1. Starting from residues that are part of a loop (DSSP other than H, G, I, E, B) and buried (at least 19 other Cβ atoms within 10 Å of the Cβ), keep the ones in region B:29-49 and report whichever is farthest from the other protein chains (Cβ to nearest Cβ).
2. In region B:737-780, what count of residues is obtained for those that are over 31 Å from the mean Cα position of the chain (by Cα) and within 16 Å of B:THR843 (Cα to Cα)?
3. If I ask for residues that are more than 14 Å from chain A (Cβ to nearest Cβ), touching a residue at least 60 places away in the same chain (Cβ under 8 Å), closer than 23 Å to B:TYR33 by Cα and not in a loop (DSSP other than H, G, I, E, B), which ones from region B:51-74 would you list?
4. Taking only region B:1069-1094 into account, find how many residues are loosely packed, with under 15 Cβ neighbours inside 10 Å and within 16 Å of B:GLN488 (Cβ to Cβ).
5. Tally the residues that are of a type outside the set (A, V, I, L, M, F, W, C) and part of a loop (DSSP other than H, G, I, E, B), restricting the search to region B:1-23.
6. B:GLN545 versus (1) outside any strand (DSSP E or B); (2) away from chain A (no Cβ under 14 Å); (3) within 22 Å of B:GLY794 (Cα to Cα): which is the lone unmet condition?
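The values are calculated or read from the model by the stated rules, or taken from the named source; none is laboratory data. The shown structure was predicted, so the numbers you read here are calculated from the model rather than taken from an experiment. Don't worry about glycine lacking a Cβ; one is built from the backbone with ideal geometry, like all the others, and counts go over all protein chains shown.
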Amino acid sequence: MADAPIDPIAVVMTVNRTEVSVEVEPSESLSYTLRNRLGLTGTKLSCDVQACGACTVLVDGLPRSSCTFLTYEARGREVLTVEGLAVDGVLHPVQEAFIAESAFQCGFCTPGMLLTAHAYLANEAEADADDDDLIEHMSGNLCRCTGYLPIVAAILRAQKARRAQIIGFAGLPGRQG
Amino acid sequence: MPHYPHPFRIAQPATLAEASELLLSGGPDATCYAGGSELLLAMKQGGLRYDTLIDLKTIPGLDTIEEHNDHLEIGALATHRTIARSPLVRAAFPLLARLEGRIANPRVRSTGTLGGNLCFAEPHSDPGTLLLVHDAVLHVAGPGMERAVPIAAFTAGPYETVLEPGEILRAIAIPTLAAGQLVGYRRVQQLEHRPMLGVAVRLDLDLARQRIVGSRLGVGASSPIPVRSEAAEAILLGDLDGIADRLPRAAEILADDADLLDDADGSADYKRHLIGVHLGRLVSGLIRGEDPEITGGRTRRSLKATIEEWEERRQHTPKPEFSVVGRSVPRTDGRAKVTGQAVYTADVVLPRMAHAKVLRSPVAHARILSIDTTAAKAVEGVLDVMVGSDLLTLKRHLFGHAIRDNAILAMDKVTYVGEPVVAVIAEDEPTAARAIELIHVAYDELEPVMTPEAALRPGAPLIHEEPHDFGHAPGHVNLAGRKFGTNQLTDDVVAWGDIDAAFARATTIVEGEYYYPMAFAYPLESYAAVVDHRGDEVTVHTNGQHTYTTRRDVADLFGLPLSRVRVITPFVGGGFGAKSYSKVEPLAAVCSWRVRRPVRVELTVEETVLTTRALDARVWLRTAADADGKLIARQARVLMNSGAFAQNSMLVSAKTSTRLVGPYGWDAVDIRVRAAYTNTSPASSYRGFGGAHASLPGEVQMDEMAERLGRDPVDYRLLNLVDRGHVFFPGKRPLHADVKGNLRLVAGGLDWPRKEPPGTGKGVALVVMDSGAVPVGRSEIRVHGDGSVTVLTGSAELGQGSQTILTMVAAEEFGLPMERVRIQMSDSGVTPYARTTGADRTTIMEGTTILLACRDAKEQLQEMAAEIWEIPAEEIELEKSGARNGDRTLPWGDIIGQYFQAPDMEVSGRGHIRPVGDWGLIPPSWENPIVGVRVATDAETGEWWATSLVDVADIGLAINPTLADGMDIGSMMQSLGIAMREQLVYDGQQLSNGSVLNYRVPEFTDLPDEVRTFVIENRDGMGPYGAKAHGDGSMATVVPAVSNALHDALGVRMHRAPFTPERVWRALRDQADGVPPDPPTGIPGWWTATEHPEAHGDALDTR
């Protein structure tokens, strides 16, 4: 049985603050597009069933498993991958914290960890969130090397840096609005 | 590599009516697509196939949450995250909001919808069960009409609802709770992802009269569909006073009505028990006015203290004699790994690169009758389709470093489910994956041999009928154990003294059987290789740990000299021994050879499990002590399942035999380990192998002996441990460690011997491991004219941090900052030979060769400085940064510039080690891991949680303390998974849990409150500056320590890992029922049956 051809879908989306256009099969996953069409191989693929978190990217600021997120659905949306965390070569505080705490070994889970942690600190963490809340939120990302403790330490460090930054700005004269 | 679903098209209706039309016209080939978090998974795994997905997300208004008079209406397309954060839901149904905030993980919650969840009707789900007790009503839109379906009538079966063709779930209406209506839900889970049981309760309380006037009870995840039991509900009604008496009966009926499943999550028996426990807790908690906890479990303590301690250890006091060594300098691969720039094998793209995918055997043992590849070959984009017989023109078509039994593609028969049979090479991966589906293979099935007991029985069907050649790198394994004409692969014996005499004079003998499970290392990065075969030269990019053994394997296939094969190992995404020796490199190489283009092979995780798993061990162990309690003899019999190929099982078997000895002084030892070929997936190395297999029986039995003698487990070990310098294993290196002192440290870290509060307990375990593998290798360094240094080493960076450590050694030797040293690792075209990367050998062995290379270069530079200054070389002192003669100095770079009269010239230094002299004494390093574990338990459910993990890193010298520490935290947590729940299970011929969804490794939530490592630095090792082998040790000791801690907490002896809650519960029940422990049997039937046809011994039921 010869299947009727399936029309590709034209997708214009923003990836790491840059607009890109691709033509994809409807069934194409975002991880495939990123890795094979856009050369953004920082996004890693492991379980491919949304259980490990290695392929996590942010779409409009929310974490998604790019293994199972269809590319056509990113039309008109903003995608952030690990390659886009640092701006103009300046590392994001979460990246700095991961280096400072040795929060990775093989590094394969790291892109997903960084983006999940970044989304948590930016969107989810309440002001008084403790490490328990952080652990619950991160628990869908697997790491086989570090035993997790250094990653928790790194995210708490980044959280502290973030708070200090917010308080720091608020504390500057003339900045109270 | 990804799974590729059958191609589909997307329809994007603007209205529900339009969607309904599309559904009707599409028939069985069309379905609704909401969040897709379950649908797409099922389609990718081939379980479902649709031509059209009707994307409902484009229909406005389907994801809103609205408050109505007496109910809340949640749009079917509202995501779990939206519901969890909705102020309306949080106010009206706080428990539902909390549950929605705990579905799967943040990614699924951002994408998955409540409506999609209910319509998919996957049994292992939570919301449907909770909504049952809420009397939720589902509003279903159909062609031209809408109807309301009570949730209790919505699910028709697993993955089945009452939706008629063209009907679409529009919204979920949940009646507002009246005063006195209380709702509770308890999820029992073995993994965040997947509940194994959900119990939901609603109580309608008349507080004035202290009566329950209404109730709803639901059970889910353990039954084919969520079930409500009106009969059980009726029993709950009545006075609050007598509720405790009515609860057991209600639970009984609820469980009866639930049609509980016996499955991999647990027996129906256990689930019935859990329903009783959790219904009781929920109801009494609600009556007491408590806020019900969804997941229950232990109360987590803040990690603050543990993290502070981790930070403190990182500030390790600098050692004044070193400038770099001994400091926790940041990893050299940090920036690359946090920015996504680090290149792994699957990221390698070569010009004109093609992609290969294999068809695997669906049967365990069969002759291949025919293979029809016609349709696959005709697919556009397919370059070639290859079968086993196409490989017969190769110089060799089988590979294996120990035994050449590993088929690249099955030849005339298949030997396990998952064996590669046909390879498709195509322009891209999706094309290869889809062409695979068009291949037909006919098999004639043979009797499968699934267990070592069956495999070793005289007369068992042969897995390998022809004798295979031994491989090129057997290492120090006992090849004599391979008995051709049988399935026996190994027979390792460790014996000394008169075992019968020793047992005859013993006053106490302890005996038992133990089981260490089949595990999967699960490095996140699956096996991958990219190979470019150009006729007379082959380049291999691989994530194999052993660059140089793979070079030899690939050279042997084509009969090429070693110089014509270049193997490059980029960053490896975790190895843990699972990536030792060749896996997919030969396959990628022959694919490239066929199509004359570079070819990438990248496996899925499921394929990776089928390529290599770890060995299990069934152990019988007997220990004897004399009247003073001194240990005098140990006797063991061990059977291991090597699967269809030898891979590295011979070494695993050998190490299991040597590591069963332990650092105790035995008069007599009689240990025998046999591994057998079976029709299961091939088994090989996994971190700390042998140590882990040996320490479970060895160290649990130590505690049993201590108990029998009325001694404290730590004191009893101290009485029997050997001292530093003792040759406790005849013919091997004397022990270079203070094991007693180390044990005291760990015990102190657990507040030993203070008794733990009820329900909690602690235990210790230790082992000594002969680490370091074969002491052969070399390194080179180049000192450049500007004084900077390049290090060349054949070791691979797996994450263990050797790139950082080895750079530190060179930086130290030349007094350079880290940035002035660059290391080039594991590229056989460039870097010098390294035997392997594993067995904790890199720091001590490659570190030493780099140290020697640095010193060699300095000696050359000394000669050059002598010529420049025109003085004898002896008058020159070598300082870190250059040469000195009296007051004058010459930095290294200046020596090179002046000597060669070329500023960019360089000097090369070389260093090597070989197994002679001190390196000839085996093992190069004894590793003596000791772990202490504290557990909290729930004696009613058998659940337990590790709350403390304490170990000692007796490392000689910590070149980088944070990296040393990190290895221990990582290995303790990794092995905790095997204590908790990890076990590969065969169901007949099939591996039943070879996916990340059902093979459950530790998660963040498993992290104990306290994790501590004591770093011990006595500079008593063979490595640079006195470093000792380190890194894998604690993988070997956590499992027995947990067993011992569970005994301390609950009084039960756990002999079989993993110690799942159900197994603990069963042990507790047996104990309560007075079931006596197994009587001593002597050498068991399952062992003697491997030698005597008349003996009886059944295979172990490992489930």
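1. First, the residues of region B:29-49 that are part of a loop (DSSP other than H, G, I, E, B): B:34-38, B:45-49.
Adding the requirement that they be buried (at least 19 other Cβ atoms within 10 Å of the Cβ) leaves B:34-38.
On the way: B:ALA34: 12, B:GLY35: 10, B:GLY36: 7, B:SER37: 6, B:GLU38: 9 Å.
The residue in question is B:ALA34.
2. Residues flagged as over 31 Å from the mean Cα position of the chain (by Cα) and within 16 Å of B:THR843 (Cα to Cα) within region B:737-780 amount to 3.
3. Across region B:51-74, the qualifying residues are B:GLU73, B:ILE74.
4. 3
5. So in region B:1-23, the residues of a type outside the set (A, V, I, L, M, F, W, C) come out as B:2-7, B:9, B:12-13, B:15, B:18, B:20-21.
Add one more test, that the residue is part of a loop (DSSP other than H, G, I, E, B), and what stays is B:2-7, B:12-13, B:15.
Here the count works out to 9.
6. All conditions pass for B:GLN545, except number (2).
Residue-wise test of (1) in contact with a strand residue (DSSP E or B) (Cβ under 8 Å, 6 or more places away or on another chain); (2) farther than 21 Å from B:THR937 by Cβ; (3) buried (at least 18 other Cβ atoms within 10 Å of the Cβ); (4) among the acidic types (Asp, Glu).
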position: B:PRO248; (1), (2), (3), (4): no, yes, no, no
position: B:ALA251; (1), (2), (3), (4): no, yes, yes, no
position: B:LEU254; (1), (2), (3), (4): yes, yes, yes, no
position: B:ASP263; (1), (2), (3), (4): no, yes, no, yes
position: B:ALA268; (1), (2), (3), (4): no, yes, no, no
position: B:HIS278; (1), (2), (3), (4): yes, no, yes, no
position: B:LEU286; (1), (2), (3), (4): yes, yes, yes, no
position: B:GLU290; (1), (2), (3), (4): no, yes, no, yes
position: B:GLY297; (1), (2), (3), (4): yes, no, no, no
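Rundown of residues vs (1) under 30 Å from B:VAL783 (Cα atoms); (2) more than 14 Å from every other protein chain (Cβ to nearest Cβ); (3) within 21 Å of the chain's Cα centre (by Cα), yes/no style:
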{"position": "B:ILE913", "(1), (2), (3)": "yes, yes, no"}
{"position": "B:SER925", "(1), (2), (3)": "no, yes, no"}
{"position": "B:VAL931", "(1), (2), (3)": "no, no, yes"}
{"position": "B:THR937", "(1), (2), (3)": "no, yes, no"}
{"position": "B:LEU963", "(1), (2), (3)": "yes, no, yes"}
{"position": "B:GLY977", "(1), (2), (3)": "no, no, yes"}
